[in-house]
Structures are given as C-alpha cells and as structure tokens.
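Student: Got a structure for you, written out below as structure tokens; questions coming shortly.
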Amino acid sequence: MAGKKHKALLSRQAQATPSALYEVDMTQTAEAYQELYRKAKTAEKRGEYTNSHITKFEMVRDAIRRIIPSDPHNKKHALRGELSNIFRLKKGRVRICWIASSKMRRVCIMFISETLRKEGDANDPYVIFQSLVESGKFDAIFQQFGVRMNKMRQSGTTQ
C-alpha cells in the first residue's frame with residue numbers, strides 16, 4: 001500500500017510542475033531505450049508483470065521523464081575530466097548520459113548503456129561513450145546545445 005501512495009505522490013508532483021521540466025530529445029545512440037521498451041512489452045504480453053525487463057524499463061523511463069528533466073544540471077550527476085559538461089545517471093546496471101541547455105530548456109539523452117561497468121575495460125560504458133564523443137559523432141548536438149567540450153575535441157587528440 002505504501003508503494004501505491006508513493007507512486008501517486010510522484011505522479012502528482014510531476015503533474016504539478018510540468019512547466020519546470022525540461023523537454024527531452026534523444027539521439028540514435030540512445031537506442032537502448034527502444035530495446036528496453038521492446039523487452040518490457042514482450043514480457044507484458046506474456047503476463048509477466050514482475051519481469052525484470054519491465055522493472056528496468058520503468059526505472060529508465062522515470063529517469064528520462066521525471067528525474068533528468070526536473071534538474072538536468074545537478075552537479076551530483078556531472079561527469080569529470082574530458083567528459084565534463086556531460087551528465088550521467090546510474091539506474092541499476094543502466095547508465096544514461098545527457099547534455100542540457102538552460103537557455104533552450106532542453107535535455108538531449110545521448111547514450112544509454114546496459115553494459116557492465118569495469119573501469120579500463122573496452123566494454124566499459126564510459127569508454128564506449130567517450131569513444132563516441134571523441135569520434136565527433138555528437139559535435140553538431142554539442143554545438144546546437146551550446147555545450148563546449150574539453151581539450152580532447154578542440155585539439156583533436158585524446159589526453
């Protein structure tokens with residue numbers, strides 16, 4: 001019963017301040033969201049409402065719809081070093097990375113990953129994300145949102 005009250009409270013809070021929320025865009029590299037959705041819908045069709053795919057999708061959807069847009073510049077979510085000016089949120093094994101513009105009141109979800117976090121490993125989600133950033137894949141989005149990247153893109157080298 002307490003869970004229902006908590007969900008109702010969250011729902012009322014989200015409805016009470018819709019103008020305070022930033023609008024959310026997603027890049028194609030955030031495609032993991034679509035895969036999470038597909039898995040959750042498949043489990044739902046089988047009647048498995050407690051399936052981990054449904055739980056994971058609902059956590060990510062809540063992050064994208066409520067948590068991130070309500071406070072996208074929160075320092076506790078800021079990445080450091082070469083990825084400063086980018087934010088991330090961890091939900092279980094899922095990592096969500098985004099940039100935000102207070103001037104435009106928009107957030108762009110750039111990357112969603114379910115890969116295990118193992119620092120230094122080639123499959124570490126932050127290594128994968130940094131490679132995408134260094135490749136220039138997001139340069140147009142950074143420019144559109146007015147987000148400056150550190151030395152790695154400006155000098156053309158990784159440091």
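Student: Within the group K41, K76, K45, which residue is among the charged types (D, E, K, R), closer than 26 Å to F87 by Cα and at pLDDT 95 or above?
Tutor: Details: K41 fails: closer than 26 Å to F87 by Cα; K45 fails: closer than 26 Å to F87 by Cα.
On inspection, the qualifying residue turns out to be K76.
Student: Moving to a separate point now. Is it fair to say T27 is farther than 19 Å from C108 by Cα and either modelled with pLDDT under 95 or among the acidic types (D, E) (or both)?
Tutor: Here the answer is no, as T27 does not meet what is asked.
Student: Does S135 satisfy being over 15 Å from the mean Cα position of the chain (by Cα), over 27 Å from L21 (Cα atoms) and not charged (D, E, K, R)?
Tutor: yes
Student: Scan (1) out of contact with any helix residue (DSSP H, G or I) (no Cβ under 6 Å at 6 or more places or on another chain); (2) modelled with pLDDT of 95 or more for the single condition G120 breaks and write down its number.
Tutor: Unmet for G120, out of (1) out of contact with any helix residue (DSSP H, G or I) (no Cβ under 6 Å at 6 or more places or on another chain); (2) modelled with pLDDT of 95 or more: (2).
Student: Now for a separate question. Answer yes or no as to whether I96 is on the phi < 0 side of the Ramachandran plot, of a type in the set (A, V, I, L, M, F, W, C), surrounded by 16 or more Cβ atoms within 10 Å (Cβ to Cβ) and touching a Lys or Arg at 6+ places or on another chain (Cβ under 8 Å).
Tutor: yes
The values are calculated or read from the model by the stated rules, or taken from the named source; none is laboratory data. In this text, all values refer to a predicted model and were calculated from it rather than measured experimentally. Neighbour counts are summed over all protein chains in view; Cβ atoms, including those assigned to glycine, are modelled from backbone coordinates with ideal geometry.
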